[in-house]
1. If I filter the stretch B:303-320 for residues that are among the hydroxyl-bearing types (Ser, Thr, Tyr), outside any loop (DSSP other than H, G, I, E, B) and either within 14 Å of another protein chain (Cβ to nearest Cβ) or buried (at least 18 other Cβ atoms within 10 Å of the Cβ) (or both), do I get at least one hit?
2. Please enumerate the residues belonging to the stretch B:208-254 that are of a type outside the set (Gly, Ala, Ser), farther than 22 Å from B:TYR27 by Cα, away from chain A (no Cβ under 13 Å) and open to solvent by 30 Å² or more (accessible area, probe 1.4 Å).
3. Only one of these is crowded, with 21+ Cβ neighbours inside 10 Å and small (Gly, Ala, Ser): B:ALA263, B:ALA287. Name it.
4. Which condition from (1) among the charged types (D, E, K, R); (2) open to solvent by 60 Å² or more (accessible area, probe 1.4 Å); (3) touching a residue at least 40 places away in the same chain (Cβ under 8 Å) is the one that A:GLU151 breaks?
5. Give the number of residues within the stretch B:177-189 that are open to solvent by 20 Å² or more (accessible area, probe 1.4 Å) and more than 7 Å from every other protein chain (Cβ to nearest Cβ).
6. State the number of residues belonging to the stretch B:65-92 that are in contact with a Lys or Arg (Cβ under 9 Å, 6 or more places away or on another chain) and without any contact (Cβ under 8 Å) to a residue 40 or more places away in the chain.
7. Of (1) open to solvent by 30 Å² or more (accessible area, probe 1.4 Å); (2) more than 11 Å from every other protein chain (Cβ to nearest Cβ); (3) modelled with pLDDT of 95 or more, B:PRO192 satisfies all except one. Which?
8. Return the residue satisfying two criteria in turn: it lies in the stretch B:162-176 and is within 10 Å of another protein chain (Cβ to nearest Cβ) and farther than 15 Å from A:GLN24 by Cα, and of such residues it is surrounded by the most Cβ atoms within 10 Å (Cβ to Cβ).
Amino acid sequence: MKAALSEASKVEIRRLMAQFPQRQSALLGALFVAQDEAGALYPEIIAEVAEVIDLPVSEVTSVASFYHLYRFSPEGRHLIQVCTNISCLLSGCDRVLRALKQRLDIEMGGTTPDGRFTLKTAECLAACETAPMMMVGPDRHGPLAPENLDEILARYG
Amino acid sequence: MAESFLLKYIQEPDHGEVDAYVGRGGYEGLRRALGMAPAQVIEEVETSGLRGRGGAGFGTGRKWKFVPTDPAVTKYLVVNADEGEPGTFKDRTLIEGDPHRLIEGIAIGSYAIGARQAFIYLRREFHQGRAILERAIAQAYAKGYLGRNIQGSGYDLDLVMATGAGAYIAGEETALLESLEGRRAMPRLKPPFYPAVKGLYMQPTALNNVETLCHVAWILAKGHQWYRDQGSPILYSISGHVRRPGVYELPLGTTIRKGIEAADGLHSGRTFKACFPGGSSSAILPANFLDTPMDYDLAKLDVYGSMLGSAALIVMDDTTCLVEVVARTVEFYREESCGKCTPCREGTVWISQVFDRILHGAGRLEDIELLDGIARGMTGTCFCPLGESVPPAIYSTLRFFRPEYEHHIKTGSCDVKALARA
């Protein structure tokens, strides 16, 4: 865990601020910059973001807590998001989820002991043509079957 | 049927490259628009008959006319690229496959309403789309399709891309503006905050969907008459129990049956059971609606909540347990409710609890009336369309598939196959 934002991250946040007529518009992007560097939005990290953008800490905390993609404790190196919305449900996402939990030996929301993967469900990821699908980090994968999961997971170290 | 054009270049290996795009006549629509008065551009779009493809189906030209023309007032154009309506994936397809078309549409729309700055609010999960758009935007600046004095016209436009952070509600237009201003994505009260009058930073703002702006680029390039001759094409996202799920460009008003045929039909040996004709916010329709056209007038059907919405056709065959599907749909809205208004925040939780006990064999027959009652309590009472999206699936399944609920409650189990035979 790192308790301070690097100068490079602060510069990036200021660059985002300069793009908008009002500086608070940079907040969502700034929180990702901070999260990517620190691993999670720890209270001291949130305070730093608030200071750079010149916003109340309470406001930054409030915004961060609203959105699904911010985290307040660390996760694995690769986030697995398995879509469980209707089209994926119809295409058998339950079997995929069961198989993933078994392969990784973790529960939903859990992280593997080696810190490699965190497993979560997600709402529709707008790739229903490949249902059932998931994202691993920034990559989409689908259509999934329990048999092709090992090959996909092996690509992520 | 006219030749498809919206998807024509999606599969090209050079899709993101500006030179290839220009070589195929790209940015001709922008050139033509810049030679016209802004009001003429709006007229051209209005005459084309284009209606917004985000879900509401409001006339695009009419929407732009609501934006005040006073040159002293700062105006913005904002692109809603926060695609997340379950079953919808057409905007992502366009962003990844034809990014310059979107940029061209943005420049045309911004010019039409007199905006000097435009914003794309892109769904955060669209990592690939973001990389493609970033590159395309940089190319468009370099070639003078964005930035200062575009193509020597004297018109300046700055385009900024922002992302969400995971919130379905941010797709609602006023919630999107809140999010773009760096706040929690909670909807604003309408009126007074109609975006065209008081939008981003309380300035007049045109908010348009990705597909809508791609249509605009084609309309300006080829003219409204050509566009009308194409038969009002629309992108349908077709998914679920079909052999070839995907995005299909079909004439507006294609029937549900033809939509399923376009996606290569059902899997062999299966029969049609039901579908969402317009994403999970629409009613669930059974087989006797197969010849219903998927059009904006779907609402005229005698089924509450029937709508074209984002044109997401989700097909369900006879292996589907509709109680499970509706339960999952409600769970989605419960998860994504912003919590601002009581009917949505409490109603989605309460309905979910009822479905939970039905699905776990602890349902009671009076739960059927209870579901209907809670849905009624949410109808017309929610602050924004998110909560209002819950009742249609409940009303329609209680009307068309009530035996399925009763079977679950009476036997404590699901036997879709037995029901299909009955």
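1. To start, the set of residues in the stretch B:303-320 that are among the hydroxyl-bearing types (Ser, Thr, Tyr) comprises B:304, B:306, B:310, B:319-320.
With outside any loop (DSSP other than H, G, I, E, B) added as a condition, the list becomes none.
Among the residues of the stretch B:303-320, not one is among the hydroxyl-bearing types (Ser, Thr, Tyr), outside any loop (DSSP other than H, G, I, E, B) and either within 14 Å of another protein chain (Cβ to nearest Cβ) or buried (at least 18 other Cβ atoms within 10 Å of the Cβ) (or both), which makes the answer no.
2. Once the filter is applied, which keeps residues that are of a type outside the set (Gly, Ala, Ser), farther than 22 Å from B:TYR27 by Cα, away from chain A (no Cβ under 13 Å) and open to solvent by 30 Å² or more (accessible area, probe 1.4 Å), the stretch B:208-254 yields B:PRO251, B:LEU252.
3. Working: B:ALA287 fails: crowded, with 21+ Cβ neighbours inside 10 Å.
None of the others qualify; the one that does is B:ALA263.
4. All conditions are met except number (3).
5. Residues in the stretch B:177-189 being open to solvent by 20 Å² or more (accessible area, probe 1.4 Å) and more than 7 Å from every other protein chain (Cβ to nearest Cβ): 3 in total.
6. 1
7. Unmet condition: (3).
8. Checking each candidate, the answer is B:ALA170.
The values are calculated or read from the model by the stated rules, or taken from the named source; none is laboratory data. Just so it is clear, the structure is predicted and the values come from calculations on it, not from any experiment. Glycine gets a Cβ as well: all are built from the backbone with ideal geometry, and neighbour counts include every protein chain shown. Note: areas computed on protein heavy atoms with side chains; ligands, DNA, RNA excluded. Shrake-Rupley method; radii C 1.70, N 1.55, O 1.52, S 1.80 Å.
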